[in-house]
Amino acid sequence: MASSRLSATKIGVGALIALTLATAVATVVNLQSGSADSVPTAIATSRPDTGSGASDTVNPGSKYAIDLLTARGNSTVGVVREKTLADLLPNHKFVVGDSKPVALAAGIVVGTVSDVSPGAAFTFDTAGEPVEVDFDDPSAAFRDLIITVSVESALGEVSGDAEVAFVIDIDGSADVNKAVSSFASLGRVIAVLDNPGRNAFEPNDYSVRQSGALFGVVREDGAISFPRLGGDNGEFLDGTDTVAEVLTKATGPDVISKVERAGSTPSTD
Amino acid sequence: MTKSSPLSSPRRRAGRRALAVVSVIGAIAAAIVVFAPATTPAEAVFAGSNGKTGCSAVNMGHTKFPKFVYSDLTSRVEAHADYARSNVVDQTHISTGDDTSLDANTNVVIYDSAYASVCGYDWYNEVDGGTLALTMCDTVYSSGDCRQHSIRISTTYFSGATTAQGRGLLCHELGHAFGLMHASSSGTCMKYGVTNPAQDWDSTEKAQINANY
């Protein structure tokens, strides 16, 4: 028995030493993972994120809607003219090539979601061309939802409107009923609107800029976040991170930015 | 003749060593659980085999020897696709090849056109910018791997894009076709945005590709 107790003690001491060594190893691994360019000691399936501010503002009922918004655009790449939210205010105009100065966004609306309605739904034919199907057709590749917001503040073309409606797209694999109720529970939101016609399938409706990415939520204290942009949105918000700041900056003097033709922009990355 | 203690027999000693090894492994595992950044949100690198298809699906391909079809591509898009295959994809465990015809056994199909509506995305125009390319998994095997990916490239954008932008864009879409997700780092072509694109995957992404193909 004495031999048995001694062995158990040795094992316990060994385990304690191993725990201490493993602690040191784990700490080193953590420190290394802070460097984006470090070569991982093991194959990583993910990189550390820079922040979680966006997800902090989402209430549990609207998580599904946020997940749907976030998933859109997972497999695309694009040119984003605007570097910051301020670039999308009505007093910021862009000259592209030799074009006249234009505001990139039709407007910005802040308010509470008052209605979510089904729009159109589409699949693809064998040539890859979109074909409209019934909204609840399981073969739909994507569906449009019409979101109506009861306006608290509005800028640009929607200034003065009591209600503003716009279209967003969700993937065909989404649970439609769950999506509708989840979007309806978003509460206080912000949407940066593109001009009608930007969404080819709902040509008479406003749509949300960056293929829906600039549909965000507004916290009780007025803080803005766009969950699909990821991280803490810091680079994009660039200090314009509350509704009050958006409204203040929109009253500032006009700003004109020049953009070269084609792929180059003054803003992306 | 003395009886050996049960604890000092070779079998018991082996059992004790095994117990010690298990304890050490357990302690290491516990330490990793305790000290791993469990609450830190992470940026996914690799989608893996997930059975997903459709407009936003990123799903890994089925084979390390994928067969490509270029569907009547413009010369610039074709050149950039060739570059990205040779200098990015084929530098990993994956070895790409050409298919003689487009059929169910084709693994990656690349199309280009002046797209305006595919999947409801806001496709590129000169004033607004917008979506330049999209990769979709169209069909899957029962295992969840993607059987056939389609890549769509906007020719509207390519009329004025630089060579670096074109190569970066094809590097990006081919990454999606083999299961890579978007990155926030500028050190990889998987970053969203193409103004000053990297033209290669980073070491973490290559490690994931090599581990899965």
Seminar exercise, completed: For B:SER71 and B:ASP90, extending 7 Å from Cα along the Cα-Cβ vector and measuring point to point gives, in nm, a value of 2.4 nm
For this session: May I ask for the Kirkwood hydrodynamic radius of the range B:38-93, worked out over all distinct Cα pairs and given in angstroms to one decimal?
Result: 14.2 Å
For this session: Among the aspartates and glutamates, select those whose C-alpha is under 19 Å from the C-alpha of A:LYS258, and discard any that sit fewer than 8 residues away in the same chain.
Result: A:GLU82, A:ASP87, A:ASP98, A:ASP269, B:GLU126, B:ASP128
Exercise. How large is the Kirkwood hydrodynamic radius of the range A:65-220, in angstrom, based on all distinct alpha carbon pairs?
Worked result: 16.3 Å
Exercise. Using 1/(1 + (r/R0)^6) with R0 = 45 angstrom and r between the beta carbons of B:THR139 and A:ASP254, what's the FRET efficiency to the nearest 0.05?
Worked result: 0.30
Exercise. Expressed as cubic angstrom per residue, what is the convex hull volume of the alpha carbon set of the range B:67-212?
Worked result: 112 Å³
Exercise. Could you give the length gained on full extension between B:SER159 and B:LEU102, defined as 0.36 nm per residue of separation minus the Cα-Cα distance, in nm?
Worked result: 17.9 nm
For this session: Obtain the nm distance between the two label points defined at A:GLU220 and A:SER117 by a simple spin-label model: each point lies 7 Å from its Cα along the Cα-to-C-beta direction.
Result: 3.3 nm
Seminar exercise, completed: Using the Kirkwood radius over Cα pairs of the range A:121-167, the Stokes-Einstein translational diffusion coefficient at 25 °C and 0.890 mPa s, in µm²/s and rounded to a whole number, is 191 µm²/s
Exercise. Based on the Cβ-Cβ distance of A:VAL176 and A:ASP98, what FRET efficiency does E = 1/(1 + (r/R0)^6) give at R0 = 45 Å, to the nearest 0.05?
Worked result: 0.50
Problem set entry | the range A:133-231: translational diffusion in µm²/s, Stokes-Einstein, Kirkwood Rh over Cα pairs, 37 °C, 0.692 mPa s | 228 µm²/s
Exercise. Cα to Cα, under 28 Å, and not fewer than 8 places away if on the same chain: which lysines meet these conditions relative to A:LYS178?
Worked result: A:LYS63, B:LYS52
Exercise. Based on the Cβ-Cβ distance from B:ASN125 to B:GLU78, what FRET efficiency comes out when R0 is 25 Å, to the nearest 0.05?
Worked result: 0.60
Exercise. Under 19 Å from a point 7 Å along the Cα-to-Cβ line of B:ALA116: which residues of the range B:149-167 have their amide N that close?
Worked result: B:152-160
Exercise. Per residue of B:48-59, how many C-beta atoms from partner chains lie within 10 Å of its own C-beta, taken as a mean?
Worked result: 5
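Rule-based calculations on the coordinates, nothing more; no lab input. As the structure is a prediction and not an experimental result, all values here were calculated from the model. We place every Cβ from the backbone using ideal geometry, glycine too, and count neighbours over all the protein chains shown.
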